[in-house]
């Protein structure tokens, strides 16, 4: 349900305590005894509730049992343009309403007189068209040698009627298509003049005055939202009221922003807006200002309603203290009136609907409320923010004055796109939303580094680079290639069941998003509510099972790959407890049950490395238990050897090294001989010893890929000389196996015995 921004017309909907004021206003109007017309003005800024006050007052009048309560007529000047049309429709509307609201003979008579009076304003076309056609008519007549004075003498018409005839003649001469309608109006004019040749505007007004004086009830004419008209229309409305204030028993109730109307009136040269208003308005009231506490109360009620419709997960993310700090750090000053609140609430409710699915929410509620307020009330700065994630989310703690000052200045420059009245409030708000920015303004550099990211990620904060874009794109995750919180929650909800957890991860493997999953899982390793201790075995087991299928791609030299991501998750989960014996049990069971190979071997090797480096304090298991894990890994290696999957493992060389290092026998040698007996097998064995590197020349945009053979590592498992002889034979014979592996064989032979960089050291 979206918030209705229409003015209220019932006391029960009054949330700003305007009912008393409206009631008193209605009572004063009902009890007004004066005969002369009265002009009342309600002053108030846009959104201050002027229309609601008028509606409530009108409702009070309609419910009144007073016999002499006024007849209420609403006139909407913005529906009509042009002076003549506005005058004509003004009296037509009054006549129509009188005919509808009352069937008394007095009002029927008054209505008829008002209709007749209104026709006077519709007889002659608009001033611009009239003047244009008459001028052209005079030009045409001049060519014919006829002056306008001569024509009028011939026709014996008075000047006023003569101008009309000139217009008709001109319209005919100029071929104006509207001439028929004009002639009809002229005919109507002459018909009326024939009935009462002496009847003037003054006589019409006199008759209307007489009818108004006969009424037992006054007429209350409502003109709302005058400040929404164009300056020209504003001037026409005030002219309309001014020339009709001599009608008795008529009360005008106007509502407008005094400053806006004053400026509109002053666009006419020689007019002092304030003086002009004061000459017409006899009684004025300022709409009672809504106290900030009331505005805040209404805002909180709307927020409570909206948040109640969000998933339960939002409650856990909502920090009352943090919300209080955000609200009082500038956000409260965004809301000046109830219209601001309603406008914001409708926008927020719709935007929130895009950011939750099922029981998952994609953003931090407090941060989203704040950013939506900036979007609604400072769209220029919002557009600046959405493209500058670097300014707001960087955790770089570089303390160099130049860089920090540049960052601060860029934010200050961006704030120039915000309304001047909100700039300081927005700045204060940014410092709450983005701790990095607070540091820049307070210390000259970011005081929050990357160590804060897991906390920000878990709470879906906008200050996290991972979630920043989602707040501006209104797309869960910020990009379809990213993970939505809904997806993350699906994964987290499955960790207790190893089978379901593995199924979920393999689905993301197929989608190419498993590394995103690992990133997000790492954020929750310290959250026992998401990954309880009893689910640790399930997580470790699953990560071991999928290890051989993890992607090998890396985004750069500082990206350690999916294997290390997985290992970090395991390490952080097991690090939660000081019970190393329990960790050993989890490790061993996961290794023994694992369907994957590299994961168990890689993680056990990391523990072994700590043991070799005498870093027992950082070990997850007792050092003396390492041999048992080595033995369990060797069992898995042999299982894969027997299944024929060992040699095709993406980490074959690493596995071979661990086999050699942990085994008490030399069965690994037998395996190497076994798989290299055939030429095809030999060539497959050599492929893991080829390494790729990139060289980059100064001035080049793209680096050059270089492939080199690691002869030094090969020596650990086979004789390079013997392999050289075999490859030379393959090449000399020119058999198909050489054609299929030409690059590999030539690389080996061409560089054999040469220094190939680090691979030969």
Candidates 260, 281 - the one that is within 30 Å of residue 241 (Cα to Cα), surrounded by 14 or more Cβ atoms within 10 Å (Cβ to Cβ) and under 35 Å from the mean Cα position of the chain (by Cα): 260
Pairs, please: C-beta under 7 Å, at least 6 apart or cross-chain, first residue in the same structural domain as residue 88 (by TED's automatic domain parsing) and farther than 15 Å from residue 118 by Cβ and in the stretch 195-211, second modelled with pLDDT of 75 or more and surrounded by 11 or more Cβ atoms within 10 Å (Cβ to Cβ)? 209/247; 209/248
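Does the stretch 585-602 hold any residues that are closer than 22 Å to residue 647 by Cβ and buried (at least 18 other Cβ atoms within 10 Å of the Cβ), and which are they?
So the first thing to find is which residues in the stretch 585-602 are closer than 22 Å to residue 647 by Cβ, and the list is 591, 594-602.
591, 594, 596, 597, 598, 599, 600, 601, 602, listed by residue number.
Name the residue that is surrounded by the fewest Cβ atoms within 10 Å (Cβ to Cβ), counting only residues in the stretch 738-756 that are part of a loop (DSSP other than H, G, I, E, B) and within 59 Å of the chain's Cα centre (by Cα). Steps first, answer last, please.
Step one: list which residues in the stretch 738-756 are part of a loop (DSSP other than H, G, I, E, B), which gives 741, 752-756.
Next cut, within 59 Å of the chain's Cα centre (by Cα) only: 741, 755-756.
Working: 741: 22, 755: 9, 756: 18.
Only one residue tops the list, namely 755.
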Can you spot a residue in the stretch 619-633 that is closer than 25 Å to residue 723 by Cα, in contact with a helix residue (DSSP H, G or I) (Cβ under 9 Å, 6 or more places away or on another chain) and not in a helix (DSSP H, G or I)? no
Given the criteria within 24 Å of residue 552 (Cα to Cα) and either modelled with pLDDT of 95 or more or not assigned by TED's automatic domain parsing to the domain that holds residue 367 (or both), does residue 466 qualify? no
Which fully enclosed helices (runs of 4 or more DSSP H) of the stretch 456-570 have 3 or more residues being under 34 Å from the mean Cα position of the chain (by Cα)? 468-473, 485-492, 498-511, 514-523
Does the stretch 719-737 contain any residue that is modelled with pLDDT under 85, at negative phi and under 57 Å from the mean Cα position of the chain (by Cα)? no
Tell me, yes or no, whether the stretch 443-456 has at least one residue that is surrounded by 20 or more Cβ atoms within 10 Å (Cβ to Cβ), at pLDDT below 90 and either closer than 29 Å to residue 361 by Cα or in the same structural domain as residue 523 (by TED's automatic domain parsing) (or both). yes
When residues of the stretch 609-638 are filtered for being touching a residue at least 40 places away in the same chain (Cβ under 8 Å), surrounded by 16 or more Cβ atoms within 10 Å (Cβ to Cβ) and within 54 Å of the chain's Cα centre (by Cα), how many remain? 7
Can you tell me which residue in the stretch 713-728 is surrounded by the most Cβ atoms within 10 Å (Cβ to Cβ), limited to those that are touching a helix residue (DSSP H, G or I) at 6+ places or on another chain (Cβ under 9 Å) and in a helix (DSSP H, G or I)? 727
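The values are calculated or read from the model by the stated rules, or taken from the named source; none is laboratory data. Note that this is a predicted model, so its numbers are computed, not measured. A quick note on method: Cβ atoms are made from the backbone with ideal geometry, for glycine too, and the neighbour counts reach across all protein chains shown.
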